[in-house]
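All remarks here apply to the structure that follows.
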Amino acid sequence: MAVPAYYTRGETVMYYAVRVFVALVLLFLISPILAVMPLSFNSESFFTYPMPGFSLKWYEDFFFNPRWSGAVKMSFLVAIATTILATALGTLAALGLSRANFPAKATIMAILISPMIVPVIISAVGMFKFYAAMDLVGTRLGIILAHTALATPFVVITVTATLSSFDKTLMRAGASCGAAPHTVFFRVVMPLILPGMISGALFAFVTSFDEVIVVLFLASPEDRTLPLQMFSGIREMISPTITAAATVLVLISTAMLITLEMLRRRSERLRGVAPS
């Protein structure tokens, strides 16, 4: 991005200095990740620099070892189910809270986003006690419901932010043309808030896929998600396969961040805002 022509020499220096500083901070934050990724190609069963050789055997172990492949399948199963539930519930909650005459809106919003504020360990202990009384501890349904409770606030926030710029006269226009409420939602409202819904769904997916503390309390010994398998591997036996798993997770997270940025730009175009 070029410096505006009206900048003084001091403003130009400050402009580039801030960007260099931000780049250095970013490099400092991601340097541990960049250090781990090459280790996933190590040919030996120990961590050392320089590496004696390169090999893909740890990726082969990650994708074909039943312990790791089963954990990946379990994580995707739970994350997809959580995403569907959290997106549906969060979107409905955001639509209700967007109404101007909704009673106790601030209180209900505070309750909905409380899982983001309360420490996860406290939520995990509470869920364990509650689910134990309902005989849901050690079941996949219990994990999915717990992750849904943690992920729904992200959907509520993103969809609410999208609805804040939504022109509600479009709903009245659709109704005045004789469309039923569900037709107005699916033909008018949903296409415009879809970027916010997808963004919330991606946040919900990542929240569930990366969560380990609640799973420690609620999962059975047979149902291990990928983060739990990585945690157990670090605690019981450090294997370079963990670095391969971490590299795959980094690539998935990067792809989702790029998708979120593309959705943000699309949402700005739909609202008539010039992308920054």
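Quick check on my filter: what residues within the stretch 242-257 are touching a residue at least 60 places away in the same chain (Cβ under 8 Å) and not small (Gly, Ala, Ser)?
Residues of the stretch 242-257 that are touching a residue at least 60 places away in the same chain (Cβ under 8 Å), as a first pass: 243-248, 250.
Selection gives Thr243, Thr247, Val248, Val250.
Just the residues that are under 14 Å from the mean Cα position of the chain (by Cα) and not hydroxyl-bearing (Ser, Thr, Tyr), please, taken from the stretch 116-161.
Residues of the stretch 116-161 that are under 14 Å from the mean Cα position of the chain (by Cα), as a first pass: 116, 147-158.
Once the filter is applied, which keeps residues that are under 14 Å from the mean Cα position of the chain (by Cα) and not hydroxyl-bearing (Ser, Thr, Tyr), the stretch 116-161 yields Met116, His147, Ala149, Leu150, Ala151, Pro153, Phe154, Val155, Val156, Ile157.
If you go through the stretch 1-19, how many residues are loosely packed, with under 10 Cβ neighbours inside 10 Å and either among the hydrophobic types (A, V, I, L, M, F, W, C) or in contact with a helix residue (DSSP H, G or I) (Cβ under 7 Å, 6 or more places away or on another chain) (or both)? Lay out the reasoning, then the answer.
Our first condition is that a residue be loosely packed, with under 10 Cβ neighbours inside 10 Å; within the stretch 1-19, this holds for 1-2, 4-6, 8-10.
From the residues that got through so far, the ones that are either among the hydrophobic types (A, V, I, L, M, F, W, C) or in contact with a helix residue (DSSP H, G or I) (Cβ under 7 Å, 6 or more places away or on another chain) (or both) too are 1-2, 5.
Looking only at that region, the number is 3.
Output yes when any residue across the stretch 10-32 is of a type in the set (S, T, N, Q), at pLDDT below 85 and farther than 26 Å from Leu226 by Cβ, and no when none is.
yes
For the stretch 1-102, which fully contained helices (runs of 4 or more DSSP H) count at least 2 residues that are in contact with a His (Cβ under 7 Å, 6 or more places away or on another chain) and either in contact (Cβ under 8 Å) with a residue 24 or more places away in the chain or acidic (Asp, Glu) (or both)? Spell out the reasoning first.
On the way: elements: 9-39, 57-64, 66-97.
Qualifying helices (runs of 4 or more DSSP H): 66-97.
Just name the residue that is farthest from Ile143 (Cα to Cα) out of those in the stretch 204-263 that are among the acidic types (Asp, Glu) and modelled with pLDDT of 85 or more.
Step one: filter the stretch 204-263 for residues among the acidic types (Asp, Glu), giving 210-211, 222-223, 236, 261.
The next check asks that each one be modelled with pLDDT of 85 or more; those that pass are 210-211.
Numbers: Asp210: 13, Glu211: 10 Å.
Looking at residues that are among the acidic types (Asp, Glu) and modelled with pLDDT of 85 or more, I get Asp210.
Yes or no: Gly53 over 30 Å from Ser164 (Cα atoms) and surrounded by 14 or more Cβ atoms within 10 Å (Cβ to Cβ)?
Numbers: over 30 Å from Ser164 (Cα atoms): yes; surrounded by 14 or more Cβ atoms within 10 Å (Cβ to Cβ): no.
Taking the combined requirement at face value, the residue does not satisfy it.
When only residues in the stretch 103-115 that are among the aliphatic types (A, V, I, L, M) and in a helix (DSSP H, G or I) count, which is nearest to the chain's Cα centre (by Cα)?
That would be Leu112.
Pick out the one residue from Thr48, Thr91 that is of a type in the set (S, T, N, Q) and modelled with pLDDT of 85 or more. Let's see the steps before the verdict.
On the way: Thr48 fails: modelled with pLDDT of 85 or more.
Thr91 is the lone residue from the list that is of a type in the set (S, T, N, Q) and modelled with pLDDT of 85 or more.
The values are calculated or read from the model by the stated rules, or taken from the named source; none is laboratory data. These figures come from a predicted structure and were not determined experimentally. Positions of Cβ are backbone-derived with ideal geometry, glycine not excepted, and every protein chain shown enters the neighbour counts.
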